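The structure under discussion appears below in the form of structure tokens.
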Amino acid sequence: MWQVSLKTRFDFGPPDHAKLMGMVGFSYALSQGLVARPLIAFFGKDPTKLILLCISILGGCRPFALKTASVAVVYMLYVPMVIALGVMNTAITTACSFLADGDQLQTLTLPLPLPLTLPLPLPLTLPLPLPLPLPLHPYPYPYP
């Protein structure tokens, strides 16, 4: 619906969508790189109020962004919406990381075409017991 709205109201073409998505990516990176950590620290271990604030920003800005006749206003409203989304995602991830004790965490490594692996934290809150360590590839980890 959002793309149709932009095309209908502002005759958005591929270059316009590229600019918007670039702004979205930059805003999201800003939210996770600069904004999320201080907000999570300020709101403490219970992220409920922070998540409600982020949802309020998302829900409060979106109707105005969908109704405005100005592309500049769309961009100005979209930045706080994307930042709120990034902060909310980080707050949820941070809260989930506290669900398991440190001795219940395990890392999952996935093979990549290059001799590198990507360690992913995997909380063992699932009812399935996993063997320790969890070898998913034949290469030793970490690579030299």
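Some notes on this structure:
- Region 2-97: Rg to Rh, with Rh as the Kirkwood radius over Cα pairs: 1.04
- Cut-off 16 Å, label 7 Å out along Cα→Cβ of residue 71, residues of region 7-26 by amide N: 7-24
- Other residues whose C-beta falls under 15 angstrom from the C-beta of residue 72 contribute a net charge of +2, scoring Lys and Arg +1 and Asp and Glu -1.
- Each of 42, 10 has some number of other Cβ atoms within 10 Å of its Cβ, and from fewest to most they run 42, 10.
Each reported figure results from applying straightforward, stated rules to the coordinates on display, with no laboratory input. None of these values were measured; they are calculated from a predicted model. Neighbour counts run over all protein chains shown; Cβ positions are idealised from the backbone, glycine included.
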